[in-house]
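Colleague: To start, I am sharing the structure in question, which I have written as structure tokens.
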Amino acid sequence: MKQFFLVVFIIQAVISVAQSKEGVVNKLLLSNISVISMKNNKILENQDVKIQNGKIISIKKSKKLKEKDFLFFDGSGKYIMPSLADAHVHFPASELEMEQVLKLNLINGVTKLRSMRGEWQHTEWRKKFNTPDGFYPKLYLSPPTITRNDDLTKEQIESFVKKAKENKFDFIKILSLKSAATFTNLDVACKKYKMVIGGHFPVVTAGDKVSDKTIFNSNYRAFEYLGGLAGESVEMITDRIELLKRNNITICPTLSWYDIGSGRNSISELKDLRGMEFVSKTKMNDWIASTIEYRDKIGDEAYKSEVIREMKRAEDKYKIIKQLDQAGVNMILSPDASSKYMITGFNVLGEMELVKNANISNYSILKMATLISQSFLTKTLEQLKLERLLILLF
Ligand SMILES: [Zn+2]
């Protein structure tokens, strides 16, 4: 896994070399570098990669020589691969903090972010940060999240979805639902306006449940946290994995948030987690104080059994991820870096290490963070239109 992180360093190194010498570099030669193309699970070693005007123009066996007009970068011992995506991000409240989020992701090689705590004004941020020649991560947006507190009429739901479509949001996020009727109305509106739904596996707080038939025939295209799978019976898991595969629905497991919450780390381990040097001293002290207070309050015995329980849950999730991988269900990757001791960008790398506990290949994990995310984020809508067409044809 260490190899992955070298990639990040090369991105940083190339950017700094490029900036220091020429201002803007149009021609760059990465000499004698290893290429992880993601076309297959092979690494192409000792390659020369030529980049012109921001595009790779050739990848050839390395001559280890400088070339006229090309800025030379010695890539010996380094790797290059497609950039990463974080498929579950909670944007901060202010634009200033948002710019920090974008920078922290960029230095970790993360260039695509899917927003899971939407606000209407996020389209303004997209305009500002995703300019044609900008280098900040690309934003994929949802409007304000639907929750169980939203007691909406059919008309209100339709105008919400219509507004989201008109403002070019990418999908609707569901956190929780008031009732099965809310879900049905939302799905009808999403089908009408060709909007994708993503978020938690739909569980209603009161009244009739939403049936699996309704859920798997809806515009849901991704479920978070292994919801609808983790904690369910073996039969239910097998059936739903089959439905996920058949309906081309993507899973975003988000292990890191639960891993931090499991309490398995000692205080000094928490302080040393990846990226913590970017957290202010005051914030870190607050986090530590609240962790110590909580652990003292519940007592040593309860604390230890809580960790054991959480570790058991994690083991169950790893088994499910293995099953999903074997069944060929598309998975995308995110740490859901929204709690204490987590920092956006850095946790994407930690999430890859956690997914490795599911005993799936490095190639599968990299696919989650690159190819599958890319296709999920850029093609879900097109895919949806195509499916509609197929339904019409049959
Ligand atoms: Zn979240």
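The values are calculated or read from the model by the stated rules, or taken from the named source; none is laboratory data. As the structure is a computational prediction, the values presented were derived from the model and not from experiment. Cβ coordinates were reconstructed from backbone atoms using ideal geometry, including for glycine residues, and neighbour counts include every protein chain displayed.
Colleague: Being touching a residue at least 40 places away in the same chain (Cβ under 8 Å), buried (at least 23 other Cβ atoms within 10 Å of the Cβ) and closer than 20 Å to Ile332 by Cα, is that true of even one residue in segment 192-207?
Modeller: Within segment 192-207, one or more residues are touching a residue at least 40 places away in the same chain (Cβ under 8 Å), buried (at least 23 other Cβ atoms within 10 Å of the Cβ) and closer than 20 Å to Ile332 by Cα.
Colleague: While we're looking at this one, here's another question. With the requirement that a residue be hydrophobic (A, V, I, L, M, F, W, C) and on the phi > 0 side of the Ramachandran plot, what does segment 74-119 give you?
Modeller: The answer is none; no residue qualifies.
Colleague: Still on this structure, please answer the following. So, in segment 296-346, exactly how many residues are in a loop (DSSP other than H, G, I, E, B), in contact with a Leu (Cβ under 7 Å, 6 or more places away or on another chain) and away from the ligand (no atom under 16 Å from the Cβ)?
Modeller: Final tally of qualifying residues: 1.
Colleague: Hey, another quick one. It is to be established whether one or more residues within segment 307-317 are assigned by TED's automatic domain parsing to the domain that holds Tyr258, touching a residue at least 40 places away in the same chain (Cβ under 8 Å) and under 30 Å from Lys138 (Cβ atoms).
Modeller: Yes - at least one qualifying residue is present in segment 307-317.
Colleague: Hey, can you tell me all the residues within segment 56-113 that are within 26 Å of Ser375 (Cα to Cα) and of a type in the set (D, E, K, R)?
Modeller: Asp86, Glu99, Lys103, Lys112
Colleague: Output the residue which, of all residues in segment 86-106 that are without any contact (Cβ under 8 Å) to a residue 40 or more places away in the chain and outside any helix (DSSP H, G or I), is farthest from the ligand (Cβ to nearest atom).
Modeller: This residue is Ser94.
Colleague: Something else about it: What residue, among those in segment 163-179 that are over 23 Å from the mean Cα position of the chain (by Cα) and within 23 Å of Leu113 (Cα to Cα), is surrounded by the fewest Cβ atoms within 10 Å (Cβ to Cβ)?
Modeller: The selected residue is Glu166.
Colleague: Scan (1) touching an Asp or Glu at 6+ places or on another chain (Cβ under 8 Å); (2) away from the ligand (no atom under 16 Å from the Cβ); (3) in the same structural domain as Ile372 (by TED's automatic domain parsing) for the single condition Lys178 breaks and write down its number.
Modeller: Exception for Lys178: condition (3).
Colleague: Just one of Ser83, Ser142 is within 16 Å of the ligand (Cβ to nearest atom), touching a residue at least 40 places away in the same chain (Cβ under 8 Å) and not acidic (Asp, Glu); which is it?
Modeller: Working: Ser83 fails: within 16 Å of the ligand (Cβ to nearest atom).
Ser142 is the lone residue from the list that is within 16 Å of the ligand (Cβ to nearest atom), touching a residue at least 40 places away in the same chain (Cβ under 8 Å) and not acidic (Asp, Glu).
Colleague: Taking the residues in segment 107-120 that are modelled with pLDDT of 95 or more and surrounded by fewer than 20 Cβ atoms within 10 Å (Cβ to Cβ) as candidates, determine which candidate is farthest from the ligand (Cβ to nearest atom).
Modeller: Per the stated criteria, the residue is Trp120.
Colleague: Something else: Given the structure, is Leu65 part of a helix (DSSP H, G or I) and away from the ligand (no atom under 16 Å from the Cβ)?
Modeller: On the way: part of a helix (DSSP H, G or I): no; away from the ligand (no atom under 16 Å from the Cβ): yes.
Taking the combined requirement at face value, the residue does not satisfy it.
Colleague: For segment 230-251, does any single residue satisfy the condition of being within 16 Å of the ligand (Cβ to nearest atom), assigned by TED's automatic domain parsing to the domain that holds Phe376, surrounded by 21 or more Cβ atoms within 10 Å (Cβ to Cβ) and not hydroxyl-bearing (Ser, Thr, Tyr)?
Modeller: For segment 230-251, residues within 16 Å of the ligand (Cβ to nearest atom), assigned by TED's automatic domain parsing to the domain that holds Phe376, surrounded by 21 or more Cβ atoms within 10 Å (Cβ to Cβ) and not hydroxyl-bearing (Ser, Thr, Tyr): present.
Colleague: Sticking with this one: Here is a check on your reading of the model: is Ser76 away from the ligand (no atom under 16 Å from the Cβ), of a type in the set (Ser, Thr, Tyr) and not assigned by TED's automatic domain parsing to the domain that holds Met331?
Modeller: Yes.
Colleague: Right, here's the next one. Can you name every residue in segment 62-84 that is among the hydroxyl-bearing types (Ser, Thr, Tyr) and under 28 Å from Tyr136 (Cβ atoms)?
Modeller: Once the filter is applied, which keeps residues that are among the hydroxyl-bearing types (Ser, Thr, Tyr) and under 28 Å from Tyr136 (Cβ atoms), segment 62-84 yields Tyr79, Ser83.
Colleague: Right, something else. Is it the case, given these coordinates, that Glu155 is over 21 Å from Pro253 (Cβ atoms), surrounded by fewer than 17 Cβ atoms within 10 Å (Cβ to Cβ) and within 16 Å of the ligand (Cβ to nearest atom)?
Modeller: Considered against the rule, which asks whether it is over 21 Å from Pro253 (Cβ atoms), surrounded by fewer than 17 Cβ atoms within 10 Å (Cβ to Cβ) and within 16 Å of the ligand (Cβ to nearest atom), Glu155 comes out as no.
Colleague: Let me ask another. Can Lys281 be described as modelled with pLDDT of 95 or more, surrounded by fewer than 14 Cβ atoms within 10 Å (Cβ to Cβ) and more than 16 Å from the ligand (Cβ to nearest atom)?
Modeller: Here the answer is yes, as Lys281 does meet what is asked.
Colleague: Additional query: Any residue at all in segment 267-276 that's within 22 Å of Ile308 (Cβ to Cβ) and outside any helix (DSSP H, G or I)?
Modeller: There is at least one residue in segment 267-276 that is within 22 Å of Ile308 (Cβ to Cβ) and outside any helix (DSSP H, G or I).
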